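Trainee: Structure incoming, see below.
The values are calculated or read from the model by the stated rules, or taken from the named source; none is laboratory data. Quick caveat: nothing in here was measured; it's all calculated off a predicted structure. Glycine gets a Cβ as well: all are built from the backbone with ideal geometry, and neighbour counts include every protein chain shown. SASA here: full protein model, heavy atoms, side chains in, ligands and nucleic acids out. Shrake-Rupley method; radii C 1.70, N 1.55, O 1.52, S 1.80 Å.
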Amino acid sequence: MTDSPSRPSEEAVEAAILDVASQPGAARTVTPEDVARSVATGPDWQSLLPSVRRGALRLAQAGRLVLYRKGKPVEPEELRGVYRVGLPSEEEG
């Protein structure tokens, strides 16, 4: 099998996104890099960024996460470039 043991599942990535975003003392939003570093088992956390983006998009489409671009919420289908993620506020969700 070619699967690397250091490759987390899509579900594990989604759980990590929610975990990092909800940690006490966390900023209102977190970067995809923060999430990737939290699930990486080695120094190659950058290879996890596409999985983090896919997970963030799925969670945002389900209403469990808010995507931010330039400090403003953005719809999942409109996400381009650099982004941050955060949990929905009481008013949003």
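Trainee: Being open to solvent by 30 Å² or more (accessible area, probe 1.4 Å) and either acidic (Asp, Glu) or under 17 Å from ALA36 (Cβ atoms) (or both) is the filter here, so list the residues in region 54-88 that pass it.
Mentor: Once the filter is applied, which keeps residues that are open to solvent by 30 Å² or more (accessible area, probe 1.4 Å) and either acidic (Asp, Glu) or under 17 Å from ALA36 (Cβ atoms) (or both), region 54-88 yields ARG54, LEU57, ARG58, GLU75, GLU77, GLU78, GLY81, VAL82, ARG84.
Trainee: May I ask you to verify whether LEU57 is in contact with a helix residue (DSSP H, G or I) (Cβ under 7 Å, 6 or more places away or on another chain) and farther than 13 Å from ALA21 by Cα? Talk me through it step by step, then tell me what you get.
Mentor: Numbers: in contact with a helix residue (DSSP H, G or I) (Cβ under 7 Å, 6 or more places away or on another chain): yes; farther than 13 Å from ALA21 by Cα: yes.
So LEU57 passes the test.
Trainee: Please find, within region 29-53, the residue that is most open to solvent (accessible area, probe 1.4 Å) out of those that are in contact with a helix residue (DSSP H, G or I) (Cβ under 9 Å, 6 or more places away or on another chain) and among the charged types (D, E, K, R).
Mentor: ARG37
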